[in-house]
1. Looking for something of a type in the set (S, T, N, Q) and surrounded by 16 or more Cβ atoms within 10 Å (Cβ to Cβ) - is there at least one such residue anywhere in the range 107-119?
2. Can you tell me which residues in the range 76-132 are touching an Asp or Glu at 6+ places or on another chain (Cβ under 9 Å) and modelled with pLDDT under 95?
3. Within the range 59-69, is even one residue under 15 Å from the mean Cα position of the chain (by Cα) and either within 23 Å of Thr127 (Cα to Cα) or modelled with pLDDT of 95 or more (or both)?
4. Being surrounded by fewer than 16 Cβ atoms within 10 Å (Cβ to Cβ), assigned to a helix (DSSP H, G or I), out of contact with any Asp or Glu (no Cβ under 9 Å at 6 or more places or on another chain) and modelled with pLDDT under 95: is that true of Gln142 here?
5. Suppose we filter Gly59, Gly100, Gly96, Gly81 for residues that are in a helix (DSSP H, G or I), exposed (fewer than 15 other Cβ atoms within 10 Å of the Cβ), assigned by TED's automatic domain parsing to the domain that holds Asp171 and not aromatic (Phe, Trp, Tyr); which single one remains?
6. Only one of these conditions is not met by Ala28: (1) modelled with pLDDT of 95 or more; (2) part of a helix (DSSP H, G or I). Which number is it?
7. Kindly evaluate Gly74 against the criterion of being over 21 Å from the mean Cα position of the chain (by Cα) and in a loop (DSSP other than H, G, I, E, B).
Amino acid sequence: MTRESPIDGGWAATVVRLGGATRLEKEARETGAFARSRAVKDAVSLLRLALAAMILPHGAQKLLGWFGGYGFKGTMGYFTGTAGLPAIIAFLVIIGEFFGGIMLLTGAGTRVGALWVGVIMLSAMVTVHWQNGFFMNWFGAQKGEGIEFFLLAVGIAVALMISGGGKFSVDSLIAG
């Protein structure tokens with residue numbers, strides 16, 4: 001089967017099917033581009049799982065009270081009382097950390113989960129941690145944690161929004 005595909009806005013290249021793979025796909029495999037593409041998909045999967053491993057336990061603390069957390073009621077009380085967040089924002093943070101973490105862990109709706117987590121991390125970075133400077137508070141020398149951790153989490157979230165869930169994700173199984 002022969003079909004044409006657009007390059008630079010015109011119809012300049014003809015793609016020929018050869019035994020289930022296009023000529024371009026076969027050439028890509030021979031030149032190593034295919035191997036690099038597989039490596040990128042594997043790396044994206046690792047980024048997704050790393051962000052999930054970080055955010056899901058925090059969400060479980062806030063929603064379920066696991067890992068020494070205060071659960072939904074306690075966290076809502078802290079967010080709306082002490083932190084002064086509107087109830088809807090507090091609810092979205094709690095639900096977003098937990099279910100965004102599950103979305104990232106499974107790779108189901110990766111871009112949505114990454115957006116959710118990224119917005120939470122960016123908001124925490126700007127509203128709470130910015131005043132503490134860049135560095136983490138490893139030795140208790142500053143008032144609170146700096147922004148370096150949040151900057152890293154936002155960067156990973158943006159990369160996942162661009163790339164999707166990677167090779168080992170529900171998203172890739174659905175997309176084929």
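1. Yes, there is a match, as at least one residue in the range 107-119 is of a type in the set (S, T, N, Q) and surrounded by 16 or more Cβ atoms within 10 Å (Cβ to Cβ).
2. Those that are touching an Asp or Glu at 6+ places or on another chain (Cβ under 9 Å) and modelled with pLDDT under 95: Val128, His129, Asn132.
3. Let us first name the residues in the range 59-69 that are under 15 Å from the mean Cα position of the chain (by Cα), namely 59.
Going one step further and asking which of them are either within 23 Å of Thr127 (Cα to Cα) or modelled with pLDDT of 95 or more (or both), we end up with 59.
There is at least one residue in the range 59-69 that is under 15 Å from the mean Cα position of the chain (by Cα) and either within 23 Å of Thr127 (Cα to Cα) or modelled with pLDDT of 95 or more (or both).
4. Judged against the criteria, Gln142 is not a match.
5. So the residue among Gly59, Gly100, Gly96, Gly81 that is in a helix (DSSP H, G or I), exposed (fewer than 15 other Cβ atoms within 10 Å of the Cβ), assigned by TED's automatic domain parsing to the domain that holds Asp171 and not aromatic (Phe, Trp, Tyr) is Gly81.
6. Unmet for Ala28, out of (1) modelled with pLDDT of 95 or more; (2) part of a helix (DSSP H, G or I): (1).
7. Numbers: over 21 Å from the mean Cα position of the chain (by Cα): yes; in a loop (DSSP other than H, G, I, E, B): no.
So Gly74 does not fit the description; no.
Conditions tested, residue by residue: (1) more than 26 Å from Leu46 (Cα to Cα); (2) of a type in the set (Val, Ile, Thr); (3) without any contact (Cβ under 8 Å) to a residue 40 or more places away in the chain.
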{"site": "Tyr78", "(1), (2), (3)": "yes, no, yes"}
{"site": "Phe91", "(1), (2), (3)": "yes, no, yes"}
{"site": "Thr106", "(1), (2), (3)": "no, yes, no"}
{"site": "Gly109", "(1), (2), (3)": "no, no, no"}
{"site": "Ala114", "(1), (2), (3)": "no, no, no"}
{"site": "Val126", "(1), (2), (3)": "yes, yes, yes"}
{"site": "Gly133", "(1), (2), (3)": "yes, no, yes"}
{"site": "Gly155", "(1), (2), (3)": "no, no, yes"}
{"site": "Ala159", "(1), (2), (3)": "no, no, no"}
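The values are calculated or read from the model by the stated rules, or taken from the named source; none is laboratory data. Since we're looking at a predicted model, the values are computed, not measured. Reconstructed Cβ throughout: ideal geometry from the backbone, glycine too, with neighbour counts over all protein chains shown.
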